1. Need the failing condition index for S102 against (1) in a loop (DSSP other than H, G, I, E, B); (2) in contact with a Phe, Trp or Tyr (Cβ under 8 Å, 6 or more places away or on another chain); (3) under 17 Å from L24 (Cβ atoms), just the number.
2. Could you please give the count of residues in region 2-17 that are in contact with a Gly (Cβ under 7 Å, 6 or more places away or on another chain) and modelled with pLDDT of 95 or more?
3. Could you tell me which of the residues R19, R60, R29 is closer than 19 Å to L112 by Cβ and touching a Lys or Arg at 6+ places or on another chain (Cβ under 9 Å)?
4. Identify the residue in region 4-18 that is of a type outside the set (D, E) and buried (at least 17 other Cβ atoms within 10 Å of the Cβ) and, among all such residues, is nearest to the chain's Cα centre (by Cα).
5. Take region 19-40 and flag every residue that is among the charged types (D, E, K, R), under 13 Å from the mean Cα position of the chain (by Cα) and surrounded by 14 or more Cβ atoms within 10 Å (Cβ to Cβ).
6. As an exercise: evaluate A110 against (1) within 16 Å of T7 (Cβ to Cβ); (2) part of a loop (DSSP other than H, G, I, E, B); (3) among the aliphatic types (A, V, I, L, M) and give the number of the one condition it does not meet.
Amino acid sequence: MSWSQITNARAGRHTCYDRFVVDLRGTLRGYDVRYAPVYTEGQGKRVWLKGGADLRVIVRGPAYDSRGRATYNPRSKLNAVDVTGFRTFRQIAFAGSFEGQSTFGVGTRARLPMRVFIIKTTGGSRLVVDVAHTW
């Protein structure tokens, strides 16, 4: 079985929204993005995020290869992506990867409108999550 593997996570500021992107090697097999509490993969411990709402981003792909070597391993799991100065994002945490699934937590200013889509790239794909600045 060929899994897609997470290779990077990043964020960007735009005029009307903040964007969170997860880069993967291979084709993304699925995802679940919703406003909900975030828990660590494997242990199930609550991840407390800054902001008024927790956005849970589950990616159906591991952050490790077939030999168990990390393909994505941020220096700080609680601050996996620097969102200092962003209008909507308050924190992005990496809650871990277990049994082929990985979870990120995005702390947002409030529960705001969002959109999620996939972009196919050469040799991979990107999961894109845009969260609006206002209603």
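The values are calculated or read from the model by the stated rules, or taken from the named source; none is laboratory data. For clarity, every value in this text was computed on a predicted model and none was experimentally measured. All Cβ positions, even for glycine, are placed from backbone atoms using ideal geometry, and neighbour counts span all protein chains on display.
1. (1)
2. From region 2-17, those in contact with a Gly (Cβ under 7 Å, 6 or more places away or on another chain) are 2-6; that's our starting set.
With modelled with pLDDT of 95 or more added as a condition, the list becomes 5-6.
Adding up the residues that qualify gives 2.
3. Just a single option satisfies the conditions, and that option is R19.
4. First, pick out the residues of region 4-18 that are of a type outside the set (D, E): 4-17.
Restricting the remaining residues to those that are buried (at least 17 other Cβ atoms within 10 Å of the Cβ) gives 4-6, 9, 11, 17.
On the way: S4: 15, Q5: 13, I6: 10, A9: 7, A11: 10, Y17: 16 Å.
So, considering only residues that are of a type outside the set (D, E) and buried (at least 17 other Cβ atoms within 10 Å of the Cβ), the one nearest to the chain's Cα centre (by Cα) is A9.
5. Listed by number, the residues that qualify are R19, D23.
6. Of everything listed in (1) within 16 Å of T7 (Cβ to Cβ); (2) part of a loop (DSSP other than H, G, I, E, B); (3) among the aliphatic types (A, V, I, L, M), A110 misses just condition (1).
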